[in-house]
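Below you will find the structure I want to go over with you.
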Amino acid sequence: MKPKMPWFLVAVGLQLLLLGFMIVPRMMILTGGKTVLLETEPYDPYNIFTGYYANLNYKISQAEHLPVKPHLKPRGIYYVVVSIDKNGIGRPRRVMEALPRVLKEDEAVIRGRHEYGWMKYGIESYYLPESRRHEIEALLRDGKRRALVEVKVNDAGKAVIVSLHVAGRRFSY
Amino acid sequence: MIGAGLVILCILGYVLYGANMARKSFRRMLPGELEHWLDDGIIDKTQAEQLRTRYRLDQLAQESQNVLIKTIFGFGSVLIALGVIAFVAAHWESITKMGRLSLVVGAMLIAYGMGFWFWRKRPESPLGHILVILATLIFGANIALVAQIFHLSGEFYNAVFLWAIGATFMGYIAGSSPLLILAILATFVGYMGWAQDYIQAFPVHFLAAPLVFLPFAYLKKARGVHFATWLFWGIGLIAYLVPWEGKGSPMWLVFIAEAMILLFWSYGQLRFIPEEFSSDLRFLGILSQIIFVYILSFHDLVEEIVAQPVPVLNDWRLFIFVVLGIAILFARFAKARQGVTEERISEGVFWAISLIMAAIPWLQGSWAMPVGTLIANLATVILGVMLFWKGLTILDRRYFWMGLILLVLEVVGRFFEYEAGLLWKSAAFIFAGLVLMAGGVLFEKRRGREMRHEA
């Protein structure tokens with residue numbers, strides 16, 4: 001059967017649209033979102049990389065470390081309010097069940113899902129080029145093995161990664 | 001041991017599926033034979049010409065060429081797709097994010113454009129179709145690239161579902177069975193991943209997969225799509241209900257397996273179902289039954305089943321009985337089969353085994369385990385012999401090999417289950433190997449004789 005032109009274009013268009021649904025909202029967050037630096041926890045030196053990306057484990061990832069929180073239900077969606085200090089680093093202040101309507105000037109909100117004692121924000125992977133993996137792995141392993149992750153968040157609490165800061169260096173891929 | 005046996009059964013069943021090549025081989029042999037018959041004066045030139053027309057022998061060369069071209073183009077497109085995926089994985093920093101994205105989206109659009117153009121210009125060539133499949137694979141690479149650019153850490157099954165949506169839509173528009181089969185596989189993989197988070201994902205799959213894919217199978221008479229839909233539906237059902245982590249119990253496995261066997265079989269008997277779909281559904285019914293009787297031929301499992309109290313029918317899993325009810329309802333509208341003795345006998349054996357196996361959970365008392373195991377082993381042997389005989393009589397390789405392999409696995413399974421010495425095990429293996437080889441020779445000899453007879 002020969003495909004018909006208009007329908008074929010519709011099918012290709014749908015695929016482009018699906019890609020668009022992935023790209024456009026995130027581009028909007030990157031251009032208009034609020035910048036927050038999130039601290040990561042020290043790394044297990046044997047488990048920094050899974051395949052082609054670094055696993056990011058934030059200070060706000062462990063649910064028990066979060067202050068002022070309701071009873072966290074499994075798979076529940078929660079909003080973590082962070083206050084941004086003078087260095088741009090976001091520190092958790094409270095956890096809310098619904099999107100907070102009013103935020104202070106120095107506050108941002110990040111939407112996460114509670115899973116088995118962990119909060120997942122959809123920003124737990126950082127993909128790196130093949131040629132830089134060893135270098136960044138070494139930096140993460142050295143010293144305090146801590147890193148800062150620069151994210152942009154929108155008013156709905158959706159976060160997108162901008163860059164990775166390790167040992168005073170900034171990586172953005 | 002059970003696992004290994006099942007894997008072998010499944011792989012062989014799938015590989016042998018549709019392997020009835022008798023008619024094709026006969027056509028390939030015919031041109032050579034015709035020359036001999038002409039030389040020997042058995043037929044004259046007019047008859048030879050009639051036979052050539054009847055069996056479309058002039059198209060043979062073109063058909064072989066098409067297969068060759070399809071294979072070359074197929075391999076080529078797989079290599080290109082792998083290249084694009086490796087490009088994405090390499091995460092080349094010399095090109096900006098948007099540059100990389102434009103490159104891969106561009107590659108997808110070029111492949112679609114060329115595919116569409118070739119398909120319209122040269123519909124007889126498989127190149128157009130293969131390029132469209134390649135473009136859809138690149139669409140998958142695009143999803144991966146976008147996930148990488150924005151450092152998304154979501155679940156992989158979301159990406160798989162996204163690809164499956166695009167591929168299914170394109171499959172429908174382009175009328176492409178291979179794309180639909182790939183989408184069925186992707187959907188299944190996606191649901192397997194999703195179900196690890198939410199077990200409720202499986203029931204969605206049971207409903208969604210047939211609703212999405214079967215209309216294509218029926219509209220286009222696409223046997224592969226129909227078969228793949230039900231095959232993965234069945235595997236999904238097993239994955240959902242088998243007690244991997246203490247969920248469910250082996251006893252319910254009996255009902256589930258029974259429900260699945262009867263559902264496939266009865267559904268295949270419906271009047272409006274095309275004959276080749278019916279045949280595939282009966283095949284899946286038999287395949288499910290083989291796996292089921294073979295699992296229960298191990299005494300450990302039977303022991304676990306009969307150790308439980310008599311089934312009480314107040315469980316949510318009552319739905320299984322609803323399925324059984326539907327199966328029986330289907331059978332009410334069964335097609336009246338013309339009196340093919342082999343079919344009637346095999347159908348009788350099939351129903352008898354299904355009924356007897358369903359009785360196992362009700363066995364109670366000290367004799368329940370040995371009797372249950374004996375019943376399951378007898379059922380395995382009877383089913384094996386029936387399939388072997390049916391395959392040999394109607395010359396269908398699928399049934400023949402299923403029967404023979406089931407019998408061999410029965411022997412091998414018993415030797416491993418009951419502490420036999422290495423010497424006995426070696427004897428069992430050698431015996432099993434010899435039986436398989438002898439069976440193969442027997443089948444091919446018989447088929448060759450039938451073909452000569454037919455010629």
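The values are calculated or read from the model by the stated rules, or taken from the named source; none is laboratory data. These figures come from a predicted structure and were not determined experimentally. A quick note on method: Cβ atoms are made from the backbone with ideal geometry, for glycine too, and the neighbour counts reach across all protein chains shown. Note: accessible area is taken over every heavy atom of the protein model, side chains too, but ligands, DNA and RNA are not part of it. Shrake-Rupley method; radii C 1.70, N 1.55, O 1.52, S 1.80 Å.
Scan segment B:38-54 for residues that are of a type in the set (A, V, I, L, M) and open to solvent by 100 Å² or more (accessible area, probe 1.4 Å) and jot them down.
Within segment B:38-54, the first condition is being of a type in the set (A, V, I, L, M), and the residues that meet it are B:38, B:42-43, B:48, B:51.
Once the filter is applied, which keeps residues that are of a type in the set (A, V, I, L, M) and open to solvent by 100 Å² or more (accessible area, probe 1.4 Å), segment B:38-54 yields only B:ILE42.
Condition (residue is touching a residue at least 40 places away in the same chain (Cβ under 8 Å), out of contact with any Gly (no Cβ under 7 Å at 6 or more places or on another chain) and buried (at least 16 other Cβ atoms within 10 Å of the Cβ)) applied to segment A:100-108: is it met by at least one residue?
Here is the first cut: in segment A:100-108, the ones touching a residue at least 40 places away in the same chain (Cβ under 8 Å) are A:108.
Right, trim to out of contact with any Gly (no Cβ under 7 Å at 6 or more places or on another chain) and you get none.
So far as segment A:100-108 goes, no, none of its residues is touching a residue at least 40 places away in the same chain (Cβ under 8 Å), out of contact with any Gly (no Cβ under 7 Å at 6 or more places or on another chain) and buried (at least 16 other Cβ atoms within 10 Å of the Cβ).
So, in segment A:129-159, how many residues would count as being buried (at least 20 other Cβ atoms within 10 Å of the Cβ), under 15 Å from the mean Cα position of the chain (by Cα), more than 14 Å from A:TYR58 (Cα to Cα) and among the aliphatic types (A, V, I, L, M)?
The total comes to 1.
Now for a separate question. Taking the condition of being part of a loop (DSSP other than H, G, I, E, B) and more than 9 Å from chain B (Cβ to nearest Cβ), how many residues in segment A:1-43 meet it? Walk me through how you get there before you give the answer.
Of all residues in segment A:1-43, those part of a loop (DSSP other than H, G, I, E, B) come to A:1-4, A:33, A:41-43.
With more than 9 Å from chain B (Cβ to nearest Cβ) added as a condition, the list becomes A:33, A:41-43.
Qualifying residue count for the region: 4.
Quick check, is A:LEU164 outside any loop (DSSP other than H, G, I, E, B) and either open to solvent by less than 10 Å² (accessible area, probe 1.4 Å) or within 14 Å of chain B (Cβ to nearest Cβ) (or both)? Working first, answer last.
Working: outside any loop (DSSP other than H, G, I, E, B): yes; either open to solvent by less than 10 Å² (accessible area, probe 1.4 Å) or within 14 Å of chain B (Cβ to nearest Cβ) (or both): yes.
So A:LEU164 fits the description; yes.
Hey, another quick one. The conditions are (1) touching a Ser or Thr at 6+ places or on another chain (Cβ under 6 Å); (2) facing another protein chain (nearest Cβ under 7 Å), and B:GLY154 fails exactly one of them. Which is it?
So the condition that B:GLY154 fails would be (1).
Just need a number here: residues in segment B:85-108 that are in a helix (DSSP H, G or I) and at pLDDT 80 or above. Show your work before the answer.
In the first step, residues of segment B:85-108 are kept if they are in a helix (DSSP H, G or I); the result is B:85-90, B:97-108.
When the remaining residues are screened for being at pLDDT 80 or above, the result is B:98-108.
Residues meeting the conditions: 11.
While we're on this one: Quick one: in segment B:109-131, which of the residues that are part of a loop (DSSP other than H, G, I, E, B) and among the charged types (D, E, K, R) is surrounded by the most Cβ atoms within 10 Å (Cβ to Cβ)? Show your work before the answer.
Within segment B:109-131, the first condition is being part of a loop (DSSP other than H, G, I, E, B), and the residues that meet it are B:122-126.
Add one more test, that the residue is among the charged types (D, E, K, R), and what stays is B:122, B:124.
On the way: B:ARG122: 11, B:GLU124: 7.
Filtering first and then ranking leaves B:ARG122.
For A:ILE89, state whether it is open to solvent by less than 50 Å² (accessible area, probe 1.4 Å) and more than 12 Å from every other protein chain (Cβ to nearest Cβ).
Details: open to solvent by less than 50 Å² (accessible area, probe 1.4 Å): yes; more than 12 Å from every other protein chain (Cβ to nearest Cβ): yes.
So A:ILE89 passes the test.
Which one is modelled with the highest pLDDT, of the residues in segment A:29-44 that are open to solvent by less than 40 Å² (accessible area, probe 1.4 Å) and either touching a helix residue (DSSP H, G or I) at 6+ places or on another chain (Cβ under 6 Å) or of a type in the set (S, T, N, Q) (or both)?
Step by step, filter segment A:29-44, then rank; the result is A:THR40.
With buried (at least 19 other Cβ atoms within 10 Å of the Cβ) and either within 14 Å of chain B (Cβ to nearest Cβ) or acidic (Asp, Glu) (or both) as the only criterion, which of A:TYR116, A:TYR121 stands out? Walk me through it before giving the result.
On the way: A:TYR116 fails: buried (at least 19 other Cβ atoms within 10 Å of the Cβ).
Answer to the selection: A:TYR121.
Residues checked against (1) at pLDDT 75 or above; (2) touching a Ser or Thr at 6+ places or on another chain (Cβ under 8 Å):
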{"residue": "B:GLU258", "(1), (2)": "yes, yes"}
{"residue": "B:GLU276", "(1), (2)": "yes, no"}
{"residue": "B:LEU284", "(1), (2)": "yes, no"}
{"residue": "B:LEU301", "(1), (2)": "yes, no"}
{"residue": "B:GLN308", "(1), (2)": "no, yes"}
{"residue": "B:ASP315", "(1), (2)": "no, no"}
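A further question on this structure: Condition first: within 14 Å of chain A (Cβ to nearest Cβ), open to solvent by 30 Å² or more (accessible area, probe 1.4 Å) and outside any helix (DSSP H, G or I). Can you find one or more residues in segment B:206-220 that meet it?
No.
Report, by residue number, each residue of segment B:109-144 that is under 17 Å from B:ALA86 (Cα atoms), touching a residue at least 24 places away in the same chain (Cβ under 8 Å) and facing another protein chain (nearest Cβ under 9 Å).
Scanning segment B:109-144 gives B:ALA135, B:THR136, B:PHE139, B:ASN142.
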